[in-house]
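Read the structure below first, then the notes.
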Amino acid sequence: MGTLTSRTESRADVQAAPSAAATASPLISFRGVRQVFRLSGRGSEDGSSDSRELVALQDVNVDIHAGQFVALVGASGCGKTTMLNMLAGLVEPTHGEVVLDGRSPRLPNMDIGYMFARDALLPWRSARRNVELPLETRGWGRGRRQERAREMLELVGLKGRESQYRLQLSQGMRQRVALARTLASDPSLLLMDEPFAALDARTKLTLQAEFLRIWEHNQDGDRRKTVIFVTHDLQEAVLLADRVIVMLPHPGRIAEDRVIDLPRPRAEILGELQFTEEFQNITHGLFERLEGAIGGRGPGTAN
Ligand SMILES: Nc1ncnc2c1ncn2[C@@H]1O[C@H](COP(=O)(O)OP(=O)(O)OP(=O)(O)O)[C@@H](O)[C@H]1O
């Protein structure tokens, strides 16, 4: 393995110099984004209605360039999923704007794959027919769909399991099917919400490596993929991503934005990478910043 180097940069630096893409306009921009959810109570004892506000995101400014693998990491409730949902066009910011490829994410966009923490497979459909689902919604013909679904299941190591149903598959296999389904339509933007969180450590490492292999394999061609990967796991974030954005809750905000300059491709060396000094230094540094920010009680905690 070559020498591993790490580089840490401030938020402004990251936005100003995101590798070769520095001169291109970003694929994704969050500009002054604030998200307020109104929480309606059941009504207080005196009969008046109880309405409170929750600031899920505050002052979020991020640019992400095409092809980047960005991890959003942070404690529960810091707005990670809300950011994914904004990119998927499911949530519109209360203030500020989100721009995806020069337009609003609210406009229909078939070029996105969204994967969740738990498989979310349809139990009445076989593995193959689950993978076919996004292809059906995109109008693919039956033969082409079936061929693509078989190919994708083979890619994630499930050859021979095509006709099995959710209950016949382990949690790891279900996540593999979900991964195959997410990748089947070859989307250029992948929104991944803790996709490996429900797995045991060994299965998790295997799937991380398999996913990374697929992603790294595509990075040179026209179909390179941008990944926004939500996780609670700082180690997972550093292992997989080019850039880690650490978030804090109450209100959800960005505490740290760092380039992870570990070598690529990493898929074949993931197991070793996590024991290197470079990896541990980066993870430890981010962890200390995170702990320090929580311990120091940032500006939003009065909220
Ligand atoms: N539709 C909604 N209505 C009201 N509150 C919401 C809504 N969606 C999210 N929230 C709240 O906004 C905050 C941020 O939620 P979000 O799911 O984005 O956080 P998260 O960082 O992804 O958390 P977790 O890691 O637990 O999934 C939370 O306090 C959540 O309860």
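Rule-based calculations on the coordinates, nothing more; no lab input. Owing to the predicted nature of the structure, the values given are computational and were not obtained by experimental measurement. Neighbour counts run over all protein chains shown; Cβ positions are idealised from the backbone, glycine included.
With each label modelled as a point 7 angstrom along the Cα→C-beta vector, the Glu136-Ser163 pair spans 1.9 nm.
Given a Förster distance of 45 Å, report the FRET efficiency between Arg125 and Glu291 from their Cβ-Cβ distance, rounded to the nearest 0.05. Spell out each step's value before the answer.
Details: r = 44 Å, r/R0 = 0.98.
About 0.55, to the nearest 0.05.
Take the Cβ-Cβ distance between Arg224 and Ser76 as r, set R0 to 35 Å, and report the resulting FRET efficiency rounded to the nearest 0.05. Intermediate results must be reported in sequence, preceding the final value.
On the way: r = 32 Å, r/R0 = 0.90.
Taking R0 as 35 Å, the efficiency between Arg224 and Ser76 is 0.65.
Extension gain, Arg118-Asp200: 0.36 nm per intervening residue step, less the Cα-Cα distance, totals 28.2 nm.
What shape does region 73-125 have by the C-alpha gyration tensor, where a ≥ b ≥ c are the square roots of the eigenvalues, rounded means a/c under 1.5, and otherwise prolate means a/b greater than b/c and oblate the rest? Here region 73-125 falls in the oblate category.
Of all DSSP beta bridges confined to region 152-303, the antiparallel ones make up roughly 55%.
Listed by chain and number, the lysines whose alpha-carbon sits under 17 Å from that of Lys225, ignoring those within fewer than 8 places in the same chain, form an empty set.
Available extension along the chain between Gln280 and His232 is 15.6 nm, counting 0.36 nm per residue and deducting the alpha carbon span.
Using the Kirkwood radius over Cα pairs, work out the Stokes-Einstein diffusion coefficient for region 201-286 at 20 °C and 1.002 mPa s, in µm²/s as a whole number. Using the Kirkwood radius from Cα pairs, D works out to 155 µm²/s.
Working from label points 7 Å from Cα in the Cα-to-Cβ sense, the Asn61 to Gln171 distance is 4.1 nm. Work through the residues other than Leu158 whose Cβ is under 12 Å from its Cβ and net out their charges, Lys, Arg +1 and Asp, Glu -1. Cβ neighbours under 12 Å give a net charge of +3. A simple packing score, the average count of other Cβ atoms within 10 Å per residue, orders the peptides 197-203, 28-34 as 28-34, 197-203, with the highest score first. What residues of region 199-226 lie in the reach of a label at Glu154, counting those whose backbone N is under 16 Å from a point 7 Å from the Cα along Cα→Cβ? Nothing falls inside the zone, counting backbone N under 16 Å. The stretch between Glu97 and Asp111, if pulled fully straight at 0.36 nm per residue, gains 3.0 nm over its current Cα-Cα span.
If each residue's Cβ is checked for other Cβ atoms within 10 Å, how do Trp215, Trp140 rank with the fewest at the top?
Trp140, Trp215
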